[in-house]
Amino acid sequence: MSAPALFTQLGQYLEQGLVAMGLDAEIDALARQRLLQYLAELLRWNRVHNLSAIQDPQVAVERHLLDSLSFLPFLPAHRPVYDIGSGAGLPGIPLAIARPQQAFTLVEPAVKRVAFLRHSITLLGLPAVTVFPQRAEKLPPAAQMVLVSRATAELADFLQMVATCLQPGTLLLLAKGPAWPQELARLPEEWKPRFVAHPIAVPGQPQRFLLEAQVPLAATG
């Protein structure tokens, strides 16, 4: 298949997925073009730098773009978003494309991935996106932080990883598979009641859940 034909086909997969997820009204034509441009660049870099195990373009639309965009209905506007363990920019870059005026920070220490993230930010014209090229443990706290992540670590390990960022009002949005109750059971008791699990349906993908929790305003816990 030629590159233009593949691009058209991926656009159809994206369109169908957005409609199925009820997100088609939130993603304008420019954002859709940028999403496909980002995916094409990720697949191109992946041939050399092994940024992702996914090689099939249709599966990449589902797992990279649609799965990342599933955060949108739960993502508060106008608050700084930090993508912990961003990897190749997931879910941060697709979310930033959908919300170009919102500040995003991609937290990723791996050098080759940092290079791809910076390249993508420039290529896509995303001035509100920055890269924090260090481990999450070194990320300083900020007011009204929203921490997002896709299966970076088990819940208990993730909370330890971002412990320095957890302050009153910090919001966590973490994508998980169906085994999330077992992870929740291994958390410290004070954290267990804070998490709410939202079922998410991503076309072509197994059942997913978005776990939401906020640090209480009275104390960090």
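Structure data summary
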read-out	value
Residue in region 74-84 that is under 17 Å from L42 (Cβ atoms), assigned to a loop (DSSP other than H, G, I, E, B) and at pLDDT 95 or above present	no
Any hit, region 48-69, residues being surrounded by fewer than 18 Cβ atoms within 10 Å (Cβ to Cβ) and on the phi > 0 side of the Ramachandran plot	yes
Region 18-32, residues that are surrounded by 15 or more Cβ atoms within 10 Å (Cβ to Cβ) and either touching a His at 6+ places or on another chain (Cβ under 7 Å) or within 16 Å of L124 (Cβ to Cβ) (or both)	I27, A31, R32
The listed residue being under 29 Å from T164 (Cβ atoms) and in contact with a Gly (Cβ under 6 Å, 6 or more places away or on another chain), out of S52, S86	S86
Those residues of region 201-221 which are within 14 Å of D67 (Cβ to Cβ), modelled with pLDDT under 95 and touching a helix residue (DSSP H, G or I) at 6+ places or on another chain (Cβ under 9 Å), in sequence order	A201, V202, P203, G204, Q205, R208
Criterion violated by A88 - all others in (1) surrounded by fewer than 22 Cβ atoms within 10 Å (Cβ to Cβ); (2) among the small types (G, A, S); (3) in contact with a Leu (Cβ under 8 Å, 6 or more places away or on another chain); (4) outside any helix (DSSP H, G or I) satisfied	(1)
Residue count, region 113-150 (criterion: in a helix (DSSP H, G or I) and open to solvent by 30 Å² or more (accessible area, probe 1.4 Å))	8
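The values are calculated or read from the model by the stated rules, or taken from the named source; none is laboratory data. If you're wondering where the values come from, they're calculated on a predicted model, not measured in any experiment. In this analysis, Cβ positions are derived from the backbone assuming ideal geometry, glycine residues included, and neighbour counts consider all displayed protein chains. Please note that ligands, DNA and RNA were not included when accessible areas were found on the heavy atoms of the full protein model with its side chains. Shrake-Rupley method; radii C 1.70, N 1.55, O 1.52, S 1.80 Å.
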